[in-house]
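K.L.:
The structure follows.
The numbers here are math on the coordinates, done by the rules we state, and not lab data. Computed from a predicted model, the values in this text were never measured in an experiment. As a convention, Cβ positions derive from the backbone with ideal geometry for all residues, glycine included, and neighbour counts pool all protein chains shown.
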Amino acid sequence: MSGHKCSYPWDLQDRYAQDKSVVNKMQQKYWETKQAFIKATGKKEDEHVVASDADLDAKLELFHSIQRTCLDLSKAIVLYQKRICFLSQEENELGKFLRSQGFQDKTRAGKMMQAAGKALCFSSQQRLALRNPLCRFHQEVETFRHRAISDTWLTVNRMEQCRTEYRGALLWMKDVSQELDPDLYKQMEKFRKVQTQVRLAKKSFDKLKMDVCQKVDLLGASRCNLLSHMLATYQTTLLHFWEKTSHTMAAIHESFRGYQPYEFTTLKSLQDPMKKLVENEERKISQQESAEAATEPSQQLISLADENQHKESSNFKNELLDMKPEEGACLGQSGCGKGPLPICLPGPSSRDPGPRRC
């Protein structure tokens, strides 16, 4: 179909090209709608037709990427400006606080707080200077989005419409060619009419395809130039800001060299007061239990010693009560008519160790 070229008389081509009857329009609209439905539902199309538009699809992906990244960049710039303003405000408040506390403190620490507060206030004012290149950058990005990207988007929409018409005409010609009978004049005339319609649709599509490719290439180059120019300006402003701030901080550091530094202790975690009280009570209870467990063996030893001493004393008393003088234990004397006289055993007293008469 694409390798063979057919030549027709110019009047015949003009007659087919100028065929704007209602039936022809209805048929053309039908096949365009069918092609749009196939595209919307994601059905598989002819692989050769799809492969012929591979370079165009790559350009469209690049265009959508440029469109999406520019929108994200615009949002990021706005958010960055808000964060810079918030940071400058907080830095200024901290500087004022240090200055006010430094005026009240008459020591060297007060002088250091005053100097640090002035440096922070100066840094907050210089940080606001970053908003000027950022505002300009945001304006350039918005202009690029609303003009260059919008113009390319309109061209892409026209190209997509022409591509739908062209692929619809191809479907129409495919359907007609399946029922083509070269011997019938009417069928040949219908096929030539559809072929002319395909030729005209392809001509419009090729023109818009070329326009889209050229505009996407120019769009990418324009974005690179925009980013390189605006980011260079922002980078220069940022370097000036850091140079001024670093010089100020270095001067403060040199002026207070030799001062005795303070040692600070920071709390890494905070405990709940109730939890702390519970832990203290549990610690006290455990200490008491351990002390009681340590004193129990000594108390047991003391009680056992007392009990043994009590048993010994009671046994000794029982032995004393059981001791009585025994008859017949006396020694006899010779020459005594009355018989032997009993002599009692010595008593428990140490003062009377000798024998005595009963």
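K.L.:
Could you go through region 112-121 in sequence order and give the Karplus-derived ³J(HN,Hα) for each residue, using 6.51 cos²θ - 1.76 cosθ + 1.60 with θ = phi - 60°, rounded to whole Hz, and x for Gly and Pro?
P.N.:
5, 5, 4, 5, 5, x, 4, 5, 5, 5
K.L.:
Please grab the % of Cα pairs in region 62-129 that end up more than 20 Å from each other.
P.N.:
Pairs farther apart than 20 Å: 49 percent.
K.L.:
What FRET efficiency comes out for Glu140 versus Gln161 if R0 is 35 angstrom and r is the Cβ-Cβ distance? Round to the nearest 0.05.
P.N.:
0.65
K.L.:
Pop the C-beta distance of Glu47 and Asp217 into the FRET formula with R0 = 30 Å and round what comes out to the nearest 0.05.
P.N.:
Result of the calculation: an efficiency of 0.65.
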